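Structure first, commentary second.
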Amino acid sequence: MIPVTNTPAPGTQHPRRAAQIWTIARIELRRAFLSKRAFWVYGLALLPSLIFLGHGIEAKVRRERLSARSVIPPELLDGTREGESVEAVLNRLGTPARDDQWSSRRRIRAAGGTTNITSHAIEPAADARFVRLNIIRPTYVGDQTARIYEFEVYGADRPDNLALMRPAAGSAPCHPDQGPEKAFNGSDSGGKSDRWCTHQWDAFLQVDLGAVFEVRRFVVRHAGAGGESEDLDTREFNIQVSRDGKTFSTVVRESGARFVDERTSHRMLVYFDGRRVGNLVFDNGVLASRGIRPLLDFAEDRQIFAGVFQYFYLRLAIFFGCLGIFMNLFRGEMLDRTLHFWFLVPARREILLAGKYGAGLIASTAIFAGGALLCFAVMMWPQDPVELQVYWQGAGMAHAFWYTVAAALGCIGYGSVFLAAGLLLRNPIIPAALLLAWESINGFLPEILQKLSILYYLQSLCPVPAPMEKDAPAIIQLLLLPAAPASRLGAVLGLLGVTALVLWVACIAIRRMQVSYTAE
Amino acid sequence: MSVPAVVFDEVSKFYGEVLGVNRVTLNIPPGITALVGPNGSGKTTLMNLMTGLIHPDHGSIRMRGISPRDPEHLMRITGYATQYDSAPRWATGFSFVTTGLLLFGYGRAEAEEKAWKALERLSLTEAAHRKVAAYSKGMRQRVRLAQATAHDPELLVLDEPLNGLDPLVRAETIALFRTWAAEGRHVILSSHVLQEVDVLSDQVILIANGMVVAEGEIRNVREEIHEHPSQFIIRCRDASRVASLLFGEDHVTEIKLNDDQSGLLVMTRNRERFSRALSRIALNGHGIDGVIPADENVDALYEYLISGK
């Protein structure tokens, strides 16, 4: 037997580690780019581009349509003034690109109508001991609850309310403290408990005056008198009187005639000056409002892009995209039961980690930095060429650069975290949820802890601040706005530092990792 | 120059509460070594420990002087055909073997040439460009073997390597193992086909319940088993006369005569005295045609040491 020493097999050269990393990365790129799991990552990366593409196509089509109809000089559009008649505008500006007409109606109280309190005189006066109010349509809206705050009865020769504090009856109240007696207590200012209210059909309210009186006038205080919406005032009712409480005769019939519909005719003329669209709205033939704005607002679109990039791209697309790509690099091998293939090659485990991380990084950066640039290009595609030229001569190139850098660094940072998580944990949901929570509460954390967040650095790199509604709730503002933006150099170095720390942990984990498929 | 060995020193491995192997101490010289034991005895655990797929909880391992925690150096001289049946999804038979070789540092042309040779050796050239995932069980076994052997390793670890091989390939593979063993390489294999192990291996390691029951050359191991008498088959012309002479020896415990009176099975507690007694009988003119040990094989060892018969 010839003893054999531990020498490399003939013909092999000791492979350089960089070459091994590249060989591993090249193999893994297939998994990162072409696995079934990768396709939803493409979806995430391309979604903003598709939205901006739709927006751009819509703007282009609209421009074509408006241009085909009429284009007016800009000064004519600027020369319009509120108060002008439609005829004057048409004479001066000519045929519009669009001419829409419509009318609107709104319910208003009839002139002279008493607000919320109706008074009903009868002629001739009637003799009555019992007076009954029958509700036919309880409100002006769909609400079927009748509400009367006070029902007053006045005689022919007496100024005082004959019904005040008299025994009352009526339909079952909707609440025990809102019985019929509340409509005769002389008050309408005590809120809801100072009214009579009923859901019952048919609703009636009756008072016994104690003796037969000659009555001449009734006053009804409706929901609006008690502080409720006037839409809840009684819309249709009648008043009946009786001497004996058995035979009633109707003396008042009231309907919603106290409200009338006010009709306004509107006309909107749309003019286009080649860049801006002017929407001139006329009410009853008079120019009431003029909205002139660019067909495409480049500044606004850039703001929208900034918002989409920070709120969707960085926080969701890159986050979940990296989760899908990087967690899969080792977890996927475990689930496929193929990890041993990699552990049996003559390479340090760290080399394997570097190769796989490199593959994930190439794939995710190509997908997301490429996706961000594509979205940026699509956003600019339909814009005015002059504005674009100005933008490119100014900050445009720097913006494109920093968006790309932020996307790439996002992949570097989130990639390292999810790679390490894939080595340390079995369930990807847990690290994803924890990291998302950590990133979200970043604004609440002490400054030192803020620096352990990927998003902290990424937001600092974004060239345009994301738009935020001033009246957005404070909690939303805290969650979405960067805590304390770092300088760009600080952000890049900080993020690379965090990444190095995470990768160091990943190296320790992979050195200790064992192949145990049965535990999966 | 010392012969490089595979050395386990008090190695234990637990899977949580479950014992994998316990206090295993081994010194495996080059040659073909078979790991023999029932299912779950710890054979695959030992192999995974040798190749660094798992790490011991206690003890240390040196594979021809290299720690399994150093795959960069260990795997350059090692090939391991595992029992894990899956291959990466992207892999065809050819790319599976070639990729491994590229990571060894071979140039592409050389890697492809070696991969092709390995596949040829295992009769896989026709299926070389098909996805491994579409291979039959036997083909997957062969491609794993091809990958483990493509780089001519000095240390070959093979988990049930001959499963699924057709007789011709099996014979060629066994011949290859023998050649490598003769060159001073390690071929460590596990098999549950005891006859195969018997024919193939220079030494055996018997494992039961995570512990090494015996290790060494089969004959030496057999000699260490005192509680079971050694069995010999004697071929002779006058079997009953030879039997009566042997009955006079106090170390002989049992004799069974063949029906045709041309042979007998002798059980003895002392192999040396039996040998001397047989020599005397032959010298006295009783024709002895041949003597064959009947239980110097893995089957018998397995039966005595593991099955407990």
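In the set (1) more than 8 Å from chain A (Cβ to nearest Cβ); (2) buried (at least 19 other Cβ atoms within 10 Å of the Cβ); (3) more than 20 Å from A:Thr338 (Cβ to Cβ), the condition left unmet by B:Tyr106 is number (1).
Scanning the range B:198-214 for residues that are within 18 Å of B:Gly42 (Cα to Cα), in a loop (DSSP other than H, G, I, E, B) and in contact with a strand residue (DSSP E or B) (Cβ under 7 Å, 6 or more places away or on another chain) turns up just one, B:Gly210. For first residues located in the range A:276-297 and without any contact (Cβ under 8 Å) to a residue 60 or more places away in the chain, partners that are among the β-branched types (Val, Ile, Thr) and lie 6+ apart or on another chain with Cβ distances below 7 Å form the pairs A:Asn279/A:Val270; A:Asp283/A:Thr264; A:Asn284/A:Thr264; A:Arg293/A:Val277. Answer with yes or no whether A:Ala466 is in contact (Cβ under 8 Å) with a residue 40 or more places away in the chain and part of a loop (DSSP other than H, G, I, E, B). Judged against the criteria, A:Ala466 is a match.
Can you tell me which residues in the range A:176-225 are β-branched (Val, Ile, Thr), within 24 Å of A:Ile136 (Cβ to Cβ) and surrounded by fewer than 23 Cβ atoms within 10 Å (Cβ to Cβ)? Within the range A:176-225, A:Val219 is the sole residue that qualifies.
When the residues of the range A:109-132 are filtered to those that are surrounded by fewer than 18 Cβ atoms within 10 Å (Cβ to Cβ) and either more than 27 Å from A:Ala211 (Cβ to Cβ) or at pLDDT below 85 (or both), the one that is nearest to the chain's Cα centre (by Cα) is A:Arg109. Of all residues in the range A:433-451, those satisfying the criterion of being over 25 Å from the mean Cα position of the chain (by Cα) and surrounded by 14 or more Cβ atoms within 10 Å (Cβ to Cβ) are A:Leu445, A:Leu449, A:Gln450, A:Lys451. Looking across the range A:289-343, the residues that are within 14 Å of another protein chain (Cβ to nearest Cβ) and aliphatic (A, V, I, L, M) come down to A:Leu329, A:Met334, A:Leu335, A:Leu339. For the range B:1-39, taking the residues that are among the small types (Gly, Ala, Ser) and either away from chain A (no Cβ under 12 Å) or surrounded by 21 or more Cβ atoms within 10 Å (Cβ to Cβ) (or both), the one that is farthest from A:Val515 (Cα to Cα) is identified as B:Gly31. Just one of the listed residues (A:Ala363, A:Ala400, A:Ala369, A:Ala407) is under 26 Å from the mean Cα position of the chain (by Cα) and under 22 Å from A:Tyr42 (Cβ atoms), namely A:Ala407. For B:Leu49, state whether it is out of contact with any helix residue (DSSP H, G or I) (no Cβ under 6 Å at 6 or more places or on another chain), within 12 Å of chain A (Cβ to nearest Cβ), not hydroxyl-bearing (Ser, Thr, Tyr) and not in a loop (DSSP other than H, G, I, E, B). So B:Leu49 passes the test.
When the range B:64-82 is filtered for residues that are over 18 Å from B:Val7 (Cβ atoms) and either in a loop (DSSP other than H, G, I, E, B) or more than 7 Å from chain A (Cβ to nearest Cβ) (or both), the ones remaining, listed by number, are B:Gly79, B:Ala81, B:Thr82.
If we scan the range A:372-382, do we find a residue that is away from chain B (no Cβ under 14 Å), surrounded by fewer than 18 Cβ atoms within 10 Å (Cβ to Cβ), under 29 Å from the mean Cα position of the chain (by Cα) and free of Cβ contacts under 8 Å to residues at least 60 places away in the same chain? Within the range A:372-382, one or more residues are away from chain B (no Cβ under 14 Å), surrounded by fewer than 18 Cβ atoms within 10 Å (Cβ to Cβ), under 29 Å from the mean Cα position of the chain (by Cα) and free of Cβ contacts under 8 Å to residues at least 60 places away in the same chain. Taking the numbered list (1) within 24 Å of A:Leu352 (Cα to Cα); (2) away from chain A (no Cβ under 13 Å) in turn, B:Lys43 passes all entries but (1). Counting only helices (runs of 4 or more DSSP H) wholly contained in the range B:217-289, the ones carrying 3 or more residues that are out of contact with any Cys (no Cβ under 8 Å at 6 or more places or on another chain) and modelled with pLDDT under 80 occupy B:218-224.
Being β-branched (Val, Ile, Thr) and either more than 10 Å from every other protein chain (Cβ to nearest Cβ) or free of Cβ contacts under 8 Å to residues at least 40 places away in the same chain (or both) is the filter here; which residues of the range B:144-184 pass it? Steps first, answer last, please.
So in the range B:144-184, the residues β-branched (Val, Ile, Thr) come out as B:149, B:157, B:169, B:173-174, B:179.
Of everything in the range B:144-184, those that are β-branched (Val, Ile, Thr) and either more than 10 Å from every other protein chain (Cβ to nearest Cβ) or free of Cβ contacts under 8 Å to residues at least 40 places away in the same chain (or both) turn out to be B:Thr149, B:Val169, B:Thr173, B:Ile174, B:Thr179.
In the set (1) at the interface with chain A (Cβ under 10 Å from one of its Cβ atoms); (2) over 24 Å from the mean Cα position of the chain (by Cα); (3) modelled with pLDDT of 90 or more, the condition left unmet by B:Arg89 is number (3).
Restricting attention to the range A:258-273, the residues that are surrounded by 14 or more Cβ atoms within 10 Å (Cβ to Cβ), at pLDDT 85 or above and out of contact with any Phe, Trp or Tyr (no Cβ under 6 Å at 6 or more places or on another chain) add up to 6. Looking only at the range A:133-169, residues that are of a type in the set (Asp, Glu), surrounded by fewer than 23 Cβ atoms within 10 Å (Cβ to Cβ) and in a strand (DSSP E or B) come to 1 in all.
The values are calculated or read from the model by the stated rules, or taken from the named source; none is laboratory data. Because the structure is predicted, anything quoted here is derived from the model rather than measured. Methodologically, a virtual Cβ is constructed for each residue, glycine included, from the backbone with ideal geometry; neighbour enumeration extends over all protein chains shown.
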